[in-house]
Amino acid sequence: LFSAVEMAPRDPILGLNEAFGADTRPTKVNLGVGVYFNDAGRIPLLRAVQAAERARIEAAPPRGYLPIEGIPAYNTAVQTLLFGADAALLANGQVVTVQALGGTGALKIGADYLKRLLPDARVAISDPSWENHRALFEAAGFEVQNYPYYDAATHGVDLPGMLASLAALPPRSIVVLHACCHNPTGVDLTLEQWREVLTVITEREHVPFLDIAYQGFSEGIDADAHAVRMFAAAGLPFFVSSSFSKSFSLYGERVGALSIVTGNRDEAARVLSQVKRVIRTNYSNPPTHGASVVSAVLNDAGLRAMWEEELGEMRERIRTMRLTLVDLLAQRGVQRDFSFVKQQRGMFSYSGLSAAQVERLRSEFGIFAVSSGRICVAALNSRNIGGVADAIAEVLR
Ligand code: LMR
């Protein structure tokens, strides 16, 4: 049965974790996967999360099956974070939100449902995009193409190219957009650019799929949701995949959500019934712990304030690492201007290093990064950043 099975390639991001784990050098640094480490090099367990977990253990709740769509109080809290507490479309009951297995799980449920709804649609993702976007939508049976996004010459967005490409797609194409902290580039659209993108999408009746896995890592919770809220105000149907992996530092708990903005309460009820079928035939219903904890934090004013403070600390530490890296590279005599790293948002920097330079970082210095040149700035700390700067300077020589 298995004699002709070929070895699949390692995952371009998670495969780096495997290679990193196997590396025996004590000075190794993992700048591959998008995970926040504190200055001590550890993944933090947030204080707000610890408090909610203590209360949950104390209460010793039973672990029955959750509803197929997940914990109601969690889903409502997700909606408030994304759309704002006063959003009219929430009051109207137009938004379907289901708990999902991280942002990836939300994308998968959304992609599978879209395949039933629009089986012949084209899917467009940014060039470049998160490596898993293409794979996920192709696995759901779609043909996937890129729209221009990153302009390496300016370290900005190729907006004319993006708009022209979106306008040339067949009507009702599915357009995957990074709502904030674009992965891998760290380069986001401005509000004005978002408006232009929204205009083309509306004219072409495309179906936007906004992926927001880093809410709170650019400016803050509300500011980072501006694209979601702009699309909501425009009154078009769209999908949102969201995740608490990063913002709650709960990577392994797989806590995310899929939200679908429909036209009215009646549509929402019918769409929910269909999405529940997709979930039931994938994994039946979601797990309890992570979403219970997130829900407890978001629905308690004190814990929520504590969480936002901790999120702000993570955001600020990443910013400090960006500034420090740029300074250290200049101090080491690197001629290339790396000041763009300071402007990039979220966990990543699209460093401009070539695949060959990334390979040298790994083989000679034990520094792991994605072959696209993406480095996770959130994994730098006061102890490893000097060595990373030394190594980057060396491979650029
Ligand atoms: C990343 O881009 O590194 C993260 O989103 C983790 C993942 O699942 O790839």
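Evaluate segment 340-352: report whether one residue or more is in the same structural domain as residue 25 (by TED's automatic domain parsing), within 16 Å of the ligand (Cβ to nearest atom) and more than 19 Å from the chain's Cα centre (by Cα).
no
Can residue 29 be described as out of contact with any Gly (no Cβ under 8 Å at 6 or more places or on another chain), assigned by TED's automatic domain parsing to the domain that holds residue 350 and within 16 Å of the ligand (Cβ to nearest atom)?
It is false that residue 29 is out of contact with any Gly (no Cβ under 8 Å at 6 or more places or on another chain), assigned by TED's automatic domain parsing to the domain that holds residue 350 and within 16 Å of the ligand (Cβ to nearest atom).
Quick check on this structure: which one of 73, 55, 111, 153 is farther than 24 Å from residue 35 by Cα, in the same structural domain as residue 174 (by TED's automatic domain parsing), more than 21 Å from the chain's Cα centre (by Cα) and part of a helix (DSSP H, G or I)?
Sole residue among the options that is farther than 24 Å from residue 35 by Cα, in the same structural domain as residue 174 (by TED's automatic domain parsing), more than 21 Å from the chain's Cα centre (by Cα) and part of a helix (DSSP H, G or I): 73.
I'd like the residue in segment 349-391 that is hydroxyl-bearing (Ser, Thr, Tyr) and touching a strand residue (DSSP E or B) at 6+ places or on another chain (Cβ under 8 Å) and, out of all such residues, is nearest to residue 151 (Cα to Cα).
350
Whether any residue in segment 215-229 is free of Cβ contacts under 8 Å to residues at least 40 places away in the same chain, within 14 Å of the ligand (Cβ to nearest atom) and more than 20 Å from residue 124 (Cα to Cα) is what I want to check.
No, there is no match, as no residue in segment 215-229 is free of Cβ contacts under 8 Å to residues at least 40 places away in the same chain, within 14 Å of the ligand (Cβ to nearest atom) and more than 20 Å from residue 124 (Cα to Cα).
Show me the helices (runs of 4 or more DSSP H) entirely contained within segment 254-351 in which 3 or more residues are exposed (fewer than 13 other Cβ atoms within 10 Å of the Cβ).
In segment 254-351, the matching helices (runs of 4 or more DSSP H) lie at 265-282, 301-331.
Could you tell me which residue of segment 247-272 is farthest from residue 108 (Cα to Cα), considering only residues that are within 14 Å of the ligand (Cβ to nearest atom) and charged (D, E, K, R)?
This residue is 253.
So residue 119 passes all but one of these: (1) assigned to a helix (DSSP H, G or I); (2) more than 24 Å from residue 83 (Cβ to Cβ); (3) away from the ligand (no atom under 16 Å from the Cβ). Which condition number does it fail?
That leaves (1) as the condition not met.
Of everything in segment 264-309, what is over 18 Å from residue 222 (Cα atoms) and of a type in the set (A, V, I, L, M, F, W, C)? Give them in sequence order.
268, 269, 271, 272, 275, 278, 279, 291, 293, 296
Given the structure, is residue 211 within 27 Å of residue 319 (Cβ to Cβ), of a type outside the set (Ser, Thr, Tyr), within 16 Å of the ligand (Cβ to nearest atom) and modelled with pLDDT of 95 or more?
Judged against the criteria, residue 211 is a match.
Checking the condition surrounded by 20 or more Cβ atoms within 10 Å (Cβ to Cβ), away from the ligand (no atom under 16 Å from the Cβ) and touching a residue at least 24 places away in the same chain (Cβ under 8 Å), which residue from 239, 244 passes? Outline the logic, then answer.
Values: 244 fails: away from the ligand (no atom under 16 Å from the Cβ).
The conditions single out 239.
Testing residue 70 on (1) on the phi < 0 side of the Ramachandran plot; (2) more than 16 Å from the ligand (Cβ to nearest atom), one condition comes back false. Which one is that?
Every listed condition holds for residue 70 apart from (1).
Criterion first (in contact (Cβ under 8 Å) with a residue 12 or more places away in the chain and among the acidic types (Asp, Glu)) does residue 310 satisfy it?
The answer is yes for residue 310.
Kindly list, by first and then second residue, each pair from a residue in segment 89-103 that is farther than 15 Å from residue 73 by Cβ to a residue that is more than 16 Å from the ligand (Cβ to nearest atom) and charged (D, E, K, R), limited to pairs with Cβ atoms under 7 Å and residues at least 6 apart or on different chains.
Taking only residues 6 or more apart or on different chains, the pairs are 92/265; 93/265; 94/265.
Determine the pairs where a residue that is more than 27 Å from residue 217 (Cα to Cα), located within segment 15-39, has a partner that is away from the ligand (no atom under 15 Å from the Cβ) and modelled with pLDDT of 95 or more with Cβ atoms under 6 Å apart, the partner being 6 or more residues away or on another chain.
Sorted first by the residue in segment 15-39, then by its partner, the pairs are 23/366; 25/366; 27/366.
The values are calculated or read from the model by the stated rules, or taken from the named source; none is laboratory data. What you see is a predicted model; the values in this text were computed from it and never measured. Note that we place each Cβ from the backbone using ideal geometry, even for glycine, and neighbour counts take in every protein chain shown.
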